[in-house]
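One structure below.
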């Protein structure tokens, strides 16, 4: 079917020829038409556009790569362990916590906690660890010392 259609288009185009002056005019008309379409597409809409999703911070991306499998949902093994340990006194999901200190985050990542493995500098660099700690403890400054958890 498509070969029949192609043959008809080819036969119709055989008798169609533009003189050089008309070819230039046809190209100019096409350019103006397409240019007008492009301007219409770039005009701001009168409707409000929803805000774009916030860009995930560098620390958030590190969390996604190394921590989220265990600590981003209530069903994750890390979240379940924290739920058992703290018995609901603090949120079990790390991103919901407001009591974490950067120093404690760094210590827990480097040494591991309970069945959580430790992470070497070859896995999470010191710079990346600082970004991760700042992400999990955004309201806490580096001046706070790591506290021992119950």
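The values are calculated or read from the model by the stated rules, or taken from the named source; none is laboratory data. These numbers were taken from a predicted model, which means no experiment stands behind them. Because the Cβ atoms are built from the backbone with ideal geometry, glycine has one as well, and the counts that use them run over all protein chains shown.
Numerical summary
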read-out	value
Among the candidates 147, 33, 143, residue that is modelled with pLDDT under 95 and in a helix (DSSP H, G or I)	33
Of all residues making up the range 113-128, the number that are surrounded by 15 or more Cβ atoms within 10 Å (Cβ to Cβ) and free of Cβ contacts under 8 Å to residues at least 60 places away in the same chain	3
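Table: residues versus (1) modelled with pLDDT of 60 or more; (2) surrounded by 10 or more Cβ atoms within 10 Å (Cβ to Cβ); (3) out of contact with any strand residue (DSSP E or B) (no Cβ under 8 Å at 6 or more places or on another chain).
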site	(1), (2), (3)
28	no, yes, yes
45	no, no, yes
67	yes, yes, yes
96	yes, yes, yes
101	yes, yes, yes
111	yes, yes, yes
